[in-house]
1. Using a 1.4 Å probe on the protein heavy atoms, what percent of the accessible area of region 55-128 belongs to carbon and sulfur?
2. I want the local charge near Ala180. Using Cβ-Cβ distances under 15 Å, sum +1 for each Lys or Arg and -1 for each Asp or Glu among the other residues.
3. Nearest 5 is fine: what % of DSSP beta bridges in region 111-206 come out antiparallel, could you say?
4. Tell me, what % of the accessible area of region 273-328 is carbon and sulfur with a 1.4 angstrom probe?
5. Give me, ordered by chain and number, the residues 5 or more places off Gly24 or on other chains with an amide H under 5 Å from its own placed amide H.
6. Roughly how many nanometres apart are two label points built 7 Å out from the Cα toward the Cβ at Asp52 and Asp339?
7. Let a ≥ b ≥ c be the square roots of the eigenvalues of the Cα gyration tensor of the chain; is it rounded (a/c under 1.5), or, if not, prolate (a/b larger than b/c) or oblate?
8. Tell me the label-point distance for the pair Thr167, Thr347, using the 7 Å Cα-to-Cβ offset, in nm and rounded to one decimal.
Amino acid sequence: MTTTILKGTIVSAAAAGAPEITEGGYLVAEDGVITGVFPTLPERYTGAPVEDFGSCLILQTFADLHLHAPQYPMLGTGMDLTLLDWLNTYTFPAEARFADPDYARDVYRKLAAELISHGTTRVAMFSSLHTDATLILMEELERAGVTGYVGKVNMDRNAAPGVLEETTEESIRETERWLAECGRFSHVRPMLTPRFTPSCTDELMAWLGKTARERGLPIQSHLSENDREIEWVRQLHPDCTQYWETYAKFGLWNDRTLMAHCVWSDERERAAMKEAGVTVVHCPDSNVNVCSGTAPVRTMLQEGLKVALGSDIAGGDHLDMFDVTASAIRASKVRQMTDSARPAFLTVPEAWYLATSAGAAFFGEAPGFAPGNPLHAMVLSDDALPQSHALTGRERFERCVYRRQPGALRAVWSAGRKVYEAE
Ligand code: GUN
Ligand code: FE
């Protein structure tokens, strides 16, 4: 058996808004599975090697539950259009380049390395419609130590004919081919990914729903992001009262479904998410960048919905989930200032919980560094940052969301494996 023991100031987001902080504590894993956080090392581990990180913070790594891998090269560009024009003008041509496997290999290797070196070890990720590039993405994630779900995108209408679009028959055949290849991965698994309702014919949606059911596959898509998009969906599905019903009627709406954005989901749509156990993925940077709006996250939480965070690169301009966490807090403050009900904004520990434990729950983990969870942890140093007084562990934890020193991230473990070490 391999025992991993990390010593430092351990922050475990065991409950929303209530982190457990153990200074000089020990985070222990056996064969990559956490056995506990201990203030003193239990006798049974005497003699086992301890990696002592002094006063460094030892934190859970992030779960980024919505991002687009083929949009990584676009990061920071194309910020002058709203959603539908942004998709047509910038996004579809950028994704079309992934027909080239060499390009895909190069970009995806860089993406996987950047995720790990920023503490993201679990993802739910959109690829492009290309099967080969999707398999390359899965290989590169697995090699780097990023775990989670990847989806070959399905899109057989209203995209970019001749540039980025499949026929229904191609979409089904290529999804079958992709699924048949996925057995070779151990930490990256397939997730069905209809891009969004306007991109998929009823025939394709019905096939995806049937396939999800028959093969027990999870599902990810977009929901109620933007006003023009919502109106378009209404025209495409006059039989549906609301956007969510266009997924539900094809069997794509259950407790293994992730829906990104939900900016404009009203009480009825939110109730449908709660009832089905759908997880909302809040993407605050993207929602501002492509002028979608500000999602009512506090209301969703009060109503008991499952909410996690996503960078949504490259609608989002930050891959770093520390930044996305800060953006979620800011978005909730905007919501408080603009919503007549004055919903309370997210505290730092609450937003941290969404970025870590809430996302990890989608992969079956218990909140925080709970015994039984695979070890997903990162070590952060902050000793070079100036401070006006000796900060408490809690203050240091809250500061790290907004501010980190150069080279702050010292080491990262993913599913029990050390996958990053600062030089
Ligand atoms: N809706 C459909 N496709 C996309 C996409 O790539 N990004 C975002 N933000 N919304 C979408
Ligand atoms: Fe998206």
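1. Carbon-and-sulfur percentage of accessible area, whole number: 52.
2. After counting each charged neighbour, the total is +1.
3. Antiparallel: roughly 10 percent of the beta bridges in region 111-206.
4. 46
5. Gly8, Thr9, Ile10
6. With each label placed 7 Å out from Cα toward Cβ, I get 4.8 nm.
7. Since a/c reaches 1.5 and a/b is larger than b/c, the shape of the chain is classed as prolate.
8. 5.8
The values are calculated or read from the model by the stated rules, or taken from the named source; none is laboratory data. Quantities reported herein were computed from a predicted structural model and do not represent experimental measurements. As a convention, Cβ positions derive from the backbone with ideal geometry for all residues, glycine included, and neighbour counts pool all protein chains shown. Protein only, heavy atoms only, side chains kept; ligands, DNA and RNA dropped before computing areas. Shrake-Rupley method; radii C 1.70, N 1.55, O 1.52, S 1.80 Å.
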